[in-house]
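Beneath this line is the structure, given in structure tokens, with notes to follow.
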Amino acid sequence: NDRPQIVGSLVVSDNFLPLLGVKPILGRNFTPEETAEGSKSDVVLLTYTAWQKYFNRDRNAIGRSIRISGEPKTVIGILPSGFRFPHIAIASNMDNSNDAPTVLQVIQPLVPQEEVLKNDMGGFNYKVIGRLKPGVTVAQAQAELQGLQEAHTQAAHLPMYLGIAVQPFAADVTGGVSKALWLLFAAVGAVLLIACVNLANLQLARAVSRQHEIAVRTALGAGRRRLLQSSLAESLVLAVAGGGLGIFLAAIGIRLFLAAAPTNLPRLQEVHLNWTILLFAAAVSILTAVLFGTLPAFRSLRVQPQQAIQNNAMRTANTREGAGTRNLLVAAEVACTMILLLVTALVIRSFARVLDQDRGFSADHITVAQVNLDAPQYGDSNKDAHAAKINFTERALDRLRQLPGVNSVAITSAMPLTGDTWVADMRRPDHPLPDGQVPKVNARWISPDYFAAMKIPLIAGRTFHDEDKNNPAFAIVSEGAARAAWPGESPIGRQIGALSGGPDKLTVVGIVADTRTNNLKRVTDTVYVPFWNRPPREAVYLIRSSLPTEALAASIRREIWNIDPQVAIPTLKSMDEQVGDSVALERFQTMLLSSFGIAALCLALLGVYGVLSYSVSLRAQEMGIRIALGAGKSELVGMILRQALLPVLSGLVVGLITAMVLARTLQSLLYETKPADPVAIAASIGILLARFHYGGSAPCLSRRQCRSGKDASGRIGNRLKDDRKSGKRACQEGKFCGCL
């Protein structure tokens, strides 16, 4: 009793499921007779999701009847719950990445039609999936199929050259998001590396501070193995605590991830925590703890006990070797942060440029309603289908125009910003060109008010009128299409060949501005044809109104279903939402990279601050002497910053060079943004230097040390020793201690 719904569907051969190793959990698969030429094809398989949704997992669903596109079908099988099949494009130039895939629910048998079998070029409507024999490579399959294709091309005297493209199915599944996912994985690795550097610094500092303790324990008879086990146990406790907290936060983060992720991300419904991921996270945590916990322990074990007991721990740690190790870690941390910051800045710049492009149309105050006429009366088998579709479209346009607050209503044959659809050759009868040189255009069937509703400027000629219905052989071309077909000439009054159906020739009556209605990243050459030339079964209504979409939605559905209650309305949203959905993947990628960049920046800030603070604490006695000898606060701060500047600048240069090299491999993810983008580089360096300035400030001496007239080492300086009262006062006034 519900309204019709649009569901994902596959039309497959009878060996499709056996090829993938899938068996129905109930019922059976298609038989060869059901996919033979001339078969009635009135059977259907349901996915587990459809079985649960429409039959509540009733085992008696086998043999039941459902209506698909208005035709009764018998359910003969139910597929396993774990069966997933990817949403893939039929052709490589069909950019469906911005179109949210419908969940697969129905599988129907592929029955070859006579007109398809007689078409030597096949109509380009199918994809073939094959399982290679053992030992056969993709290249070998490519070569063999290419030979078969060339033989067929010559034997059938085809008018164009056709080739074979063989690739692993996994590459087709991931589509254009694989490189973005690897980028995000690399960002995770960079953040992990920065955290490891911080852990190494922490463990080194603890090892130095415990040298006296280790020396005493060694003198009392503790063996190296025992000391190493003690250090390793502490590291493992740290790993277990940190890893457990990380897994808990990850469980929460995955929910946020799924809420923010675009629906067209491949296999998004399969993202969840499992034992493989948990074991991987535990292994990384333990490996990190062992690696960065045992190395400092080995360093401590190399110190002679007698020397460690006699020497001051700070003096022992503040050696050239120790300073070199700390500087190397700081440089590595800065380099990793620089790489992540620059890549993040480039992605943000690219995303900003996509949004800032002149689209050529106005998305404000437009509601988009997709109406699917997938019913028998509108099907190709009905001889009156053409008139029925025109009648429905005109009645829907009239009713929607009468809604309160509506300024204009129009239709188009394709949802805006969902990629190329109906790519055709634009041929000139008066100037034929060889195949391969004919301009390619996107064909769009529209109503006369389309340009007014979308606010697309008219450059020359005129738009369509209702009177043109009696003479549908008219067309309007975009500026790019006009330049491609008539370079340096006016196309007004000229003719082009038929795009699909309708008259054999179309007369150009107008030129409109170029738009980015297919993809915000590029302008598409387009030819517009009146909808009554070829009324679409899947029309998109564009309603420009002063009211928001939320206020119009119920009225739009009511008016359309009053005309025909059997049509489906799969999409109803604002054009602004559609614009946002078209860049959902880029926005999600930018958001994730930005979060990783912020995390890396915070970790690096803590790391550099900790290293510099530790270095200053090792030199506290020296600082006290310098203060006692008259050194000012600014002199000490300048000295520390100058000495810390070398590893920071070294890491910055190395990170900048590495990031620019890596960014070149990510050029396909960037829009009109070069790896050496000066704004991105300047922003990344500025953030790092600002971070260094903040993180480079050493800590203040404690209030207790100031009040006692002592410096951080606990020793009384010469000047303070001569006059303790004046020393206290000077210390409190910030002359001797304060922030170093």
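The values are calculated or read from the model by the stated rules, or taken from the named source; none is laboratory data. Just so we're clear, the structure is a prediction, and the values are computed from it rather than from any experiment. Don't worry about glycine lacking a Cβ; one is built from the backbone with ideal geometry, like all the others, and counts go over all protein chains shown. We work out accessible area using only protein heavy atoms, side chains counted, and drop any ligands, DNA or RNA first. Shrake-Rupley method; radii C 1.70, N 1.55, O 1.52, S 1.80 Å.
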Practice prompt. Within segment 595-639, track down each residue that is in a helix (DSSP H, G or I) and free of Cβ contacts under 8 Å to residues at least 24 places away in the same chain.
Written response: Ser595, Ile598, Cys602, Glu622, Arg626, Ser634, Glu635, Gly638, Met639
Item to complete: Determine whether Asp58 is out of contact with any helix residue (DSSP H, G or I) (no Cβ under 6 Å at 6 or more places or on another chain), free of Cβ contacts under 8 Å to residues at least 24 places away in the same chain and among the charged types (D, E, K, R).
Response: yes
Item to complete: Determine if segment 667-686 includes at least one residue that is in contact with a Lys or Arg (Cβ under 6 Å, 6 or more places away or on another chain), modelled with pLDDT of 80 or more and at positive phi.
Response: yes
Worksheet entry | Test set (1) of a type in the set (Val, Ile, Thr); (2) more than 17 Å from Asn562 (Cα to Cα); (3) out of contact with any Asp or Glu (no Cβ under 9 Å at 6 or more places or on another chain); (4) open to solvent by 10 Å² or more (accessible area, probe 1.4 Å) - Thr418 fails condition number | (3)
Worksheet entry | Subset tally (residues that are of a type outside the set (S, T, N, Q), more than 30 Å from Asp677 (Cα to Cα) and exposed (fewer than 15 other Cβ atoms within 10 Å of the Cβ)) for segment 632-657 | 3
Item to complete: Starting from residues that are in a loop (DSSP other than H, G, I, E, B) and not aliphatic (A, V, I, L, M), keep the ones in segment 542-577 and report whichever is most open to solvent (accessible area, probe 1.4 Å).
Response: Gln566
Practice prompt. Restrict the check to segment 436-449 and report whether at least one residue is buried (at least 20 other Cβ atoms within 10 Å of the Cβ), assigned to a loop (DSSP other than H, G, I, E, B) and acidic (Asp, Glu).
Written response: yes
Fill in: Listing of strands (runs of 3 or more DSSP E) fully contained in segment 457-525 that carry 2 or more residues being open to solvent by 50 Å² or more (accessible area, probe 1.4 Å) and either out of contact with any strand residue (DSSP E or B) (no Cβ under 9 Å at 6 or more places or on another chain) or among the hydrophobic types (A, V, I, L, M, F, W, C) (or both)
458-461
Worksheet item: What number of residues within segment 493-521 satisfy the criterion of being free of Cβ contacts under 8 Å to residues at least 24 places away in the same chain and either touching a Lys or Arg at 6+ places or on another chain (Cβ under 7 Å) or on the phi > 0 side of the Ramachandran plot (or both)?
Response: 2
Worksheet item: Would segment 10-20 turn up any residue that is part of a helix (DSSP H, G or I), closer than 21 Å to Val103 by Cα and either modelled with pLDDT under 90 or open to solvent by less than 30 Å² (accessible area, probe 1.4 Å) (or both)?
Response: yes
Practice prompt. Look through Phe280, Phe351, Phe292, Phe257 and report the one residue that is at pLDDT below 80 and of a type in the set (Phe, Trp, Tyr).
Written response: Phe292
Fill in: Pair list, Cβ < 6 Å and 6+ apart or interchain, from segment 583-594 residues that are closer than 13 Å to Leu346 by Cα to residues that are of a type outside the set (Gly, Ala, Ser) and not in a loop (DSSP other than H, G, I, E, B)
Glu586/Phe351; Thr590/Val347; Thr590/Ile348; Thr590/Phe351; Leu593/Thr344; Leu593/Val347; Ser594/Thr344
Discussion item. For segment 378-407, give me each residue that is of a type outside the set (D, E, K, R) and more than 19 Å from Trp561 (Cα to Cα).
Written reply: Ser381, Asn382, His386, Gly405, Asn407
Response to the item:
Selection from segment 366-377 of residues in contact with a Ser or Thr (Cβ under 8 Å, 6 or more places away or on another chain) and surrounded by fewer than 19 Cβ atoms within 10 Å (Cβ to Cβ) yields Gln370, Asp374, Pro376
Worksheet item: If you take the residues of segment 307-324 that are in a helix (DSSP H, G or I), in contact with a helix residue (DSSP H, G or I) (Cβ under 7 Å, 6 or more places away or on another chain) and not small (Gly, Ala, Ser), which of them is modelled with the highest pLDDT?
Response: Ile309
Item to complete: Could you tell me whether any residue of segment 129-152 is in a loop (DSSP other than H, G, I, E, B), modelled with pLDDT under 90, open to solvent by 50 Å² or more (accessible area, probe 1.4 Å) and not aliphatic (A, V, I, L, M)?
Response: no
Worksheet item: From the residues in segment 594-611 that are open to solvent by 30 Å² or more (accessible area, probe 1.4 Å), closer than 13 Å to Ala195 by Cβ and small (Gly, Ala, Ser), which one is modelled with the highest pLDDT?
Response: Ala599
Worksheet item: What do you reckon, is Asp398 acidic (Asp, Glu), surrounded by 17 or more Cβ atoms within 10 Å (Cβ to Cβ) and part of a helix (DSSP H, G or I)?
Response: no
Worksheet item: Hey, among the residues in segment 406-421 that are closer than 24 Å to Leu585 by Cα and among the hydrophobic types (A, V, I, L, M, F, W, C), which one's nearest to the chain's Cα centre (by Cα)?
Response: Leu417
Worksheet item: Do we find a residue being within 20 Å of Val343 (Cβ to Cβ) and of a type outside the set (Lys, Arg) anywhere in segment 627-648?
Response: yes
Fill in: Residues (closer than 19 Å to Gly82 by Cβ and either part of a loop (DSSP other than H, G, I, E, B) or open to solvent by 50 Å² or more (accessible area, probe 1.4 Å) (or both)) located in segment 29-68
Asn29, Thr47, Tyr48, Thr49, Gln52, Lys53, Arg57, Arg59
Item to complete: Output yes when any residue across segment 585-593 is buried (at least 20 other Cβ atoms within 10 Å of the Cβ) and either within 30 Å of Pro472 (Cα to Cα) or at pLDDT 90 or above (or both), and no when none is.
Response: no
Worksheet item: Inside segment 266-277, can you point out the residues that are open to solvent by 50 Å² or more (accessible area, probe 1.4 Å), at pLDDT below 75 and not in a helix (DSSP H, G or I)?
Response: Arg267
Worksheet item: Can you spot a residue in segment 69-78 that is outside any helix (DSSP H, G or I), touching a Pro at 6+ places or on another chain (Cβ under 7 Å), open to solvent by less than 80 Å² (accessible area, probe 1.4 Å) and modelled with pLDDT of 90 or more?
Response: yes
Item to complete: Would you point out the residue of segment 226-256, among those that are touching a helix residue (DSSP H, G or I) at 6+ places or on another chain (Cβ under 8 Å) and among the polar types (S, T, N, Q), that is least open to solvent (accessible area, probe 1.4 Å)?
Response: Ser235
